[in-house]
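Structure record follows, encoded as structure tokens.
The values are calculated or read from the model by the stated rules, or taken from the named source; none is laboratory data. Fair warning: this is a prediction, and the values are worked out from it, not measured in the lab. Here Cβ is always computed from backbone atoms with ideal geometry, including for glycine, and neighbour counts include all displayed protein chains.
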Amino acid sequence: MNEIIKNIEAEQLKAEAPQFNVGDTVKVYGKIKEGNRERIQVFEGIVLKKQGGGVRETFTVRKNSNGVGVEKTWPLHSPNVEKVEVVRRGKVRRAKLNYLRGRVGKRAKVKELVK
């Protein structure tokens, strides 16, 4: 039974999973269905956390929209996620950036990773 589930999940994985880390600013191109039409909407923000593994892997992106914090959790291997584009790399020292929720303005920024 376990082997059957693994085979089914392996088929669901994307061939090219996007490479990004926590703290990076990303643009997520998500498919949105409105009635019988389908369009792509861009959601740009900072990656707060990545969790899970395999097909169940998800990541949470946070942005400020008109002074209100908006968070959205996306499944990494979902067909509704068209692509994930890294805008800038962030330098962070922890895996989950939950502390950013309580901050506003310049304090809510993440330092840029310079190579």
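Condition check: in contact (Cβ under 8 Å) with a residue 40 or more places away in the chain, within 27 Å of residue 96 (Cα to Cα), in a strand (DSSP E or B) and among the β-branched types (Val, Ile, Thr). Does residue 40 satisfy that?
Working: in contact (Cβ under 8 Å) with a residue 40 or more places away in the chain: yes; within 27 Å of residue 96 (Cα to Cα): no; in a strand (DSSP E or B): yes; among the β-branched types (Val, Ile, Thr): yes.
Against the criterion (in contact (Cβ under 8 Å) with a residue 40 or more places away in the chain, within 27 Å of residue 96 (Cα to Cα), in a strand (DSSP E or B) and among the β-branched types (Val, Ile, Thr)), residue 40 does not qualify.
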(request) Looking only at the range 66-115, count how many residues are within 30 Å of residue 38 (Cβ to Cβ), modelled with pLDDT under 90 and exposed (fewer than 14 other Cβ atoms within 10 Å of the Cβ). (result) 3
(request) Specify the residue that is surrounded by the fewest Cβ atoms within 10 Å (Cβ to Cβ); the eligible residues are those in the range 49-62 that are out of contact with any helix residue (DSSP H, G or I) (no Cβ under 9 Å at 6 or more places or on another chain) and closer than 15 Å to residue 30 by Cα. (result) 58
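If you take just the strands (runs of 3 or more DSSP E) that sit entirely in the range 46-107, which of them hold at least 2 residues that are closer than 30 Å to residue 7 by Cβ and among the aliphatic types (A, V, I, L, M)?
Working: elements: 58-65, 68-75, 81-88.
So the answer is 81-88.
For residue 45, state whether it is out of contact with any Ser or Thr (no Cβ under 6 Å at 6 or more places or on another chain), surrounded by 12 or more Cβ atoms within 10 Å (Cβ to Cβ) and within 16 Å of residue 101 (Cβ to Cβ). Break it down stepwise before answering.
Numbers: out of contact with any Ser or Thr (no Cβ under 6 Å at 6 or more places or on another chain): yes; surrounded by 12 or more Cβ atoms within 10 Å (Cβ to Cβ): yes; within 16 Å of residue 101 (Cβ to Cβ): yes.
When the stated conditions are applied, residue 45 passes them.
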(request) Looking only at the range 59-95, count how many residues are among the basic types (Lys, Arg), out of contact with any Ser or Thr (no Cβ under 9 Å at 6 or more places or on another chain) and under 30 Å from residue 11 (Cβ atoms). (result) 1
